[in-house]
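Right, one structure below, let's go through it.
The values are calculated or read from the model by the stated rules, or taken from the named source; none is laboratory data. These numbers were taken from a predicted model, which means no experiment stands behind them. Quick reminder, even Gly has a Cβ in these numbers, built from the backbone with ideal geometry, and neighbours come from all protein chains shown. Note: areas computed on protein heavy atoms with side chains; ligands, DNA, RNA excluded. Shrake-Rupley method; radii C 1.70, N 1.55, O 1.52, S 1.80 Å.
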Amino acid sequence: MDIKRNYKYLLSDLSSIKGVGVKTTNLLKKKKINTIFDLLWKLPKSYIDRSLSYKIKDLKVDETQTITIVPQKYLFPRIRNLPNRVLCNDETGEIECVFFNSYEGYIKKILPIGKEVTISGKIKFFRNKYQLTNPKYISEDSSLIKQKHNSYSLTEGISEKVYNKIMLQVINNLPQINEWHSKKILKNFNNISWNESIKKLHQPENIGKFKENFYQRLAFDEIFSTFLVNSEVRKKIRKIKKTKKKIETKEQNKIISKLDFSLTNDQKKSLSEINKDLGSENKMFRLLQGDVGSGKTIVSLLSAFNTINSGFQVAVMAPTEILARQHFLLAKKIFPKNISIELLSGKSIYRDKKDILNRLLKKQIDIIFGTHALFQKKVEFKKLGLIVIDEQHKFGVNQRKKLSDKAGKDCDVLLMTATPIPRTLTMTIYGDMDLSIIREKPNIRKPVKTYSKLENKIDDIVKFVNKEIKLGNQIFWVCPLIEESKKIDHSSAVKKFEFLKKLFPKQVYLLHGKTTIEEKETILNKFLKNDFKILVSTTIIEVGIDFPNANVIIIENANKFGLSQLHQLRGRVGRGNKESSCILMFKSNLSENAKKRINILKNSDDGFKISEEDMKLRGFGDILGFKQSGIKNFKLADPIHNHNLFILAEQEIKRIESENEDISRFKPLIKLYDRADIINDIA
Ligand code: ADP
Ligand code: MG
């Protein structure tokens, strides 16, 4: 089979392209361009129209123009460092081509005396003569020059001419690919094929035409391939048959009735969705998504209880020991006494740990809390039925799949995240999971009052802090990393710490990027016990921990954060029953746009809404958790502007799933667009 007729050609390396040697290949590799397919997304930024040709007398200085001329005379100086010149003319005048650093032989070859050549470049006027310096576009074949030439944002060491040459070959050699979409889907894009779309994408006059069919189709392909992979992963996991859990709602409700609050409707709904999964013969792989403080913990503990009650063990993992301990203590408080509950802590002495591991293996422990260390090889269970992972937004789809595989066949998986993100992103990032959403927050929560203050009003803020401390309250003081650099810059936090320490002796502690994990846990525990009043930190404190006594958060240089991030930080306070405040500090007066953003935050406590608005104003790259999510960035698709394409892709996936349609026709699409490991065992 001629490989050029197959999509696999697009996945081959660059060696088959003429004019691409080892040097160019290596330069492109540095830009993560390894295959011909990768090259397709290297789009022209603008173009230079060299198609119109002028006469010398009509030339305009300082513009790029194309002329057809005849070389008359070489002027090669005997003195080094002077440029070589070639006198040329047409019937209307003279022009000099000037070459720095070019060999005479080369010049003679490209500008042979008496032969007509077409030449293009920026025209200068010097010593009464038109000049063209170091011309790059020269040919005896005028049609090669008289074109629209794309300009690319260049990779160092590769010229525009080489890029144009490479791209021309690639576009001309696109393999014939069978259409993977249904007729109905294609209609949305006026039936334009993939090949045709790629060609149009690279035509200079189509730069920036995001609304056109070719662009929309290609963006859709990208979104759809992501959704398809997600769907396949989900199907694969759900296909795994497990032993059903028997849910005793009576026992569950006994616990609920003893709580000092009643569940919100969304908590009830999420719980029943989870229970349904636990009781089904298909393995659960579910995400519980809910804003900070929406009450996810209790939902997960009730599911854990149901699992235990049906004869299985449960593991609950949190990102920090403190959070693990909080969940552990809550379980101790609400579960019946006959349930055996343990905490596996990094600090536990060896003998205790060994004892816990032993009892887990004998099923003498029903539920264990801990950090991700729980997932180590040596931690083994006799009958693990459910894993709960709290605040997991740092996992990508690959890691999740591995996690599910490792959990074992009878083990359901519940992940929880407090990162409300717009729907288009949820479908993209978590499309491999079933989803339960808690939107409604417990109504006992008083909204946090949000203020903005200029930095030079720090005296007012200090007064306010003083007043709060006298009332017995605690304060978070957040200093952002000054620049978005990898090297953690904590100087602003250190400075603020020194400043506050003088004002509030013995009441201030500091956390920053260089604080060790043990130190951090110690400091947070002290804060939790109200041993001191002000915790200064960079943004490294985990969001999930309940500090009921902290009711003020001060955020410096607040414009450095996205709205979602500010909202999450704000969610650290207001967990008790006191009035809480969030003070956003700014270096200078806010621009109109910044005011708009801050007002969204002041007027809303709905993380989902805030993230939608934030995305509209700042783009999706800034949404918290998106960058860390491990998801590849889209090349063309944009969750804001292509909202309708995401919805269309979702509908199509649902249709394919419900009709159990054969997806083998999408194999090229998946192979081209998504080369993640997980796909190997799917398509
Ligand atoms: P998150 O969803 O951020 O993990 P938590 O589960 O930590 O939220 O709950 C935050 C606080 O709200 C906890 O102190 C919890 O006891 C309380 N809470 C949870 N559900 C309710 C409810 N339905 N009514 C009142 N308070 C609730
Ligand atoms: Mg939580």
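Rounding to the nearest 20 debye, state how big the charge dipole of region 449-604 is about its Cα centre with +1 on each Lys and Arg Cβ and -1 on each Asp and Glu Cβ.
Numbers: 28 positive and 17 negative charges, 77 e Å.
Magnitude of the dipole: close to 360 debye.
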Quantify, in whole percent, the carbon and sulfur part of the accessible surface of the chain (1.4 Å probe; protein heavy atoms only). 50
HIS567: accessible area at probe 1.4 Å, nearest 10 Å²? 10
With labels modelled as points extended 7 Å from the Cα through the Cβ direction, what inter-label distance (nm, one decimal) is found for LEU43 paired with ILE647? 2.3
Per-residue SASA entry for ASP605, accessible area with 1.4 Å probe, Å² rounded to 10: 60
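Would you mind calculating the relative contact order of the chain from Cα pairs under 8 angstrom and at least 6 residues apart, reporting the percent as a whole number? Walk me through the intermediate numbers first.
Numbers: 1160 pairs, mean separation 88.2, N = 683.
Value for the chain: 13 percent.
Quote the convex hull volume per residue of the chain, based on C-alpha atoms, as a whole number of Å³. Mind showing how you got there, number by number?
Details: hull volume 152.9 nm³, N = 683.
It is 224 Å³ per residue.
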For the chain, what proportion of DSSP beta bridges, expressed in % and rounded to the nearest 5, is antiparallel? 35
Using Cα positions and a limit of under 17 Å, work out the lysines in reach of LYS187, with same-chain residues fewer than 8 apart set aside. LYS211
In debye to the nearest 20, the charge dipole size for region 249-438, taken about the Cα centre with +1 at each Lys and Arg Cβ and -1 at each Asp and Glu Cβ, equals 620
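Two decimals, Cα atoms only, Kirkwood Rh: what is Rg/Rh over region 449-604?
Rounded to two decimals, Rg over Rh is 0.93.
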The ³J(HN,Hα) series, computed from each phi in region 205-212 with the Karplus coefficients 6.51, -1.76 and 1.60 at θ = phi - 60°, rounded to the nearest Hz and given as x for glycine or proline, is 6, 9, 4, x, 8, 5, 8, 6
Give the long-range amide H neighbours of GLN131: residues separated by 5 or more places, or on another chain, with amide H under 5 Å away, using H modelled in the peptide plane at 1.01 Å from N. GLU96, LYS124, PHE125, PHE126
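Mind putting a number on the dipole of region 51-146 about its Cα centre? Charges go on the C-beta only, +1 for Lys and Arg and -1 for Asp and Glu, and I need it in Debye to the nearest 20. Could you put the intermediate results ahead of the total?
Values: 16 positive and 11 negative charges, 83 e Å.
Dipole of region 51-146, to the nearest 20 debye: 400 debye.
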Label 7 Å along Cα→Cβ of LYS165; region 17-57 residues with amide nitrogen under 16 Å? 17-28
Need the list of aspartates and glutamates near LYS501 for cross-linking: C-alpha distance under 18 angstrom, and skip anything on the same chain fewer than eight residues off. ASP459, ASP460, GLU468, ASP531, GLU556
Aspartates and glutamates near LYS242 by alpha-carbon distance under 14 Å, same-chain residues fewer than 8 away left out - which ones? ASP277, GLU281, ASP405, ASP410, ASP412
Calculate, for ASP90 and ASN34, the FRET efficiency according to 1/(1 + (r/R0)^6) with r their C-beta to C-beta distance and R0 45 Å; round to the nearest 0.05. 0.45
Set LYS467/LYS533; LYS337/LYS409; LYS246/LYS269; LYS353/LYS382; LYS453/LYS616; LYS241/LYS268, cut-off 20 Å on Cα-Cα distance; pairs above it are LYS337/LYS409; LYS453/LYS616; LYS241/LYS268
Solvent-accessible area of ARG665, probe 1.4 Å, all protein chains present, reported in Å² to the nearest ten, please. 80
Around LYS73, with a cut-off of 11 angstrom between Cβ atoms, what is the net charge of the other residues, counting Lys and Arg +1 and Asp and Glu -1? -1
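Order ARG351, ARG423, ARG238, ARG286 by their accessible area, 1.4 angstrom probe, all chains in place, largest first. If you can, show how the numbers build up before the last one.
Values: ARG351 175, ARG423 120, ARG238 75, ARG286 20 Å².
From most exposed to least exposed: ARG351, ARG423, ARG238, ARG286.
Going from most exposed to least, what order do LYS467, LYS183 have by accessible area with a 1.4 Å probe? Don't skip to the answer; put the middle values down first.
Working: LYS467 110, LYS183 175 Å².
The most accessible residue leads, giving LYS183, LYS467.
Determine Rg/Rh for region 51-146; Rg is computed over alpha-carbon atoms and Rh is the Kirkwood hydrodynamic estimate from the same atoms.
Details: Rg = 12.4 Å, Rh = 13.3 Å.
Computed over Cα atoms, the ratio is 0.93.
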